[in-house]
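Input: a single structure, listed below in structure tokens.
No value in this document is a laboratory result; all are computed from the given coordinates. Quick caveat, the model's predicted, so the values are computed rather than measured. Cβ: placed from backbone, ideal geometry, glycine included. Neighbour counts: every protein chain shown.
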Amino acid sequence: MTEWVAHLEERSTRILIALFALSIAAFLVTIPLPRVDGMLIGSDGVGYYMYVRSAVIDHDIDFANEYRHLYPTGHPNGLRTSTGLIANKYAIGTGILWLPFFIVGHLISLIMRSAGFSVTTDGYSYIYQAAVCIGSIFYGFCGMVLMHRTTQRLFADTALAACVLLWLATNFIYYLIVEPSMSHMCSLFATSLLMYVWIRARPIESLRQCFAIGLAGGLVGLVRQPDATLFLLPLLDYMFMRKSFLERGKRIALTAAGFFFIFWVQMFVWNMLNGSPFLSGYFLKGHEGFSWWSPHVLDVLFSAEHGLFLWHPILLFAAIGLVLLFRANPLIGGLLLAGFFSQIYLIASWSSWSQGDSFGGRMFISLLPVFAIGLAAFLQRVTLKNNMRVLLLVVSGVLVLWNFLFLIQYRLGFISMSGPYTIRELTIGKMEMIIEIANRFFH
């Protein structure tokens, strides 16, 4: 049995490495393509990039020069706070994870410059930007490996299929290759690490494991604060343990200690930038907030405006799988469903619930470790019926094709990046796009 599991893990790792290598190659091939803003990083990625560039090159977190260079026409969020520094609403964790890759880019630039090549060493060139993007692709791959190993613990036979489908049939592949400067690959890595440390340790007997879970949770919060709702899952898990109140209290306290051992970095940055360790840059101007009593739940899941299940139907099967898991294992299934519902409620309550310029429901990428378990549960149930296997392969192929057609529509401008959209654009529009591309090619 042990040899079979080891062989399965080795084969799965080779497949995931092959997909990683193809993703790196695809990103490198697209670097020379012309870009409107002349940068590899863009959108929210600029905010994360400021941290690492300012820390390494300027040795501070004063972003005045970064704003002048990266936003030459000005930016509405480039305003000074009570501390005299320019605010940066984005979390610092992505910049920290990018740090070793940015330093490698800096060393390459210095070596090339000393060898006589005409390259800059100011932290803005394509060498630096490509380095952090490759860092994101690396973290996305590591997150997928951790996700697979966690899922394999529960569903050994279908874990790989679930992860490969999530790689190819969701917006994971878009933010892995096309827009890796966003935080989503780093957040996926952090949540995958949290799920791995927690689920692999169950039942949790060691207090050291509790502290490790806290450390992973702290990284989740450091990279992207809204994802920290997943940190509540192991804490809830403790409450169902057959332990005394004191023993459960110890586990909660040690897990919380591990969380703040990491998360204090973000609080320190908030204090330096905003004047308070509890004041996020998102709330400085008051134009972003939450409507807790009127969440857009159905819109977030089914709307044409980046609705999760409409843009990526594979995730609907994953959600069904979570329900199946709950029926078979109420504790772990219930906890994972709680994590799913908490993210739905949080995102649906946010003032920007449609998620702006977004390829699908990008805020849910950090939830892919939960979806992987749900999809593996669904696949296991379906593959038990021999007459369903061919249909499953066909449906999987259609969903992968659907996702790639969506990606082409979105990236080549056949649909707007931010919407609004019509159902016709998202469905029949795909066939119209194929016909138009064919006409352009032949004429």
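Details
- Least to most buried among Lys243, Lys385 (fewest other Cβ within 10 Å first): Lys385, Lys243
- Which of Gly356, Leu254, Asn329, positive extreme of dipole for the chain (C-beta unit charges): Asn329
- Rounded to the nearest 20 debye, the dipole size of the chain about its Cα centre is 980 debye, using +1 on the Cβ of Lys and Arg and -1 on the Cβ of Asp and Glu.
- Among 43-49, 333-339, 371-377, 17-23, the order from most to least packed when residues are scored by Cβ within 10 Å on average: 371-377, 43-49, 333-339, 17-23
- Amide hydrogen neighbours beyond the local backbone of Trp350, cut-off 5 Å, H modeled: Ser291
- The phi-based Karplus calculation (6.51 cos²θ - 1.76 cosθ + 1.60; θ = phi - 60°) puts the 3J(HN,Hα) values of the stretch 432-438 at 4, 5, 4, 5, 5, 4, 5 Hz, whole numbers, x for Gly and Pro.
- Remark: the stretch 27-41, residue by residue, has Karplus-estimated 3J(HN,Hα) of 5, 4, 5, 7, 4, x, 4, x, 10, 4, 9, x, 9, 7, 8 Hz, where x stands for each Gly or Pro and the curve is 6.51 cos²θ - 1.76 cosθ + 1.60 at θ = phi - 60°.
- From most to least packed by mean Cβ count within 10 Å, the peptides 111-119, 147-155 give 147-155, 111-119.
- CD proxy at 222 nm, helix term only [per DSSP H run n ≥ 4: -39500 (n - 2.57); per residue of the chain; nearest 500]: -21000 deg cm²/dmol
- In Hz, Karplus ³J(HN,Hα) per residue of the stretch 44-61 (6.51, -1.76, 1.60; θ = phi - 60°; x = Gly, Pro): 4, x, 4, x, 6, 5, 4, 4, 6, 5, 5, 5, 7, 8, 9, 6, 7, 10
- Each of Asn271, Trp167, Ala376 was placed along the dipole of the chain (beta-carbon charges, centred on the mean Cα), and the one lying farthest toward the positive end is Ala376.
- Between the stretch 11-53 and the stretch 358-412, the Cα center-to-center distance that results, in Å: 22
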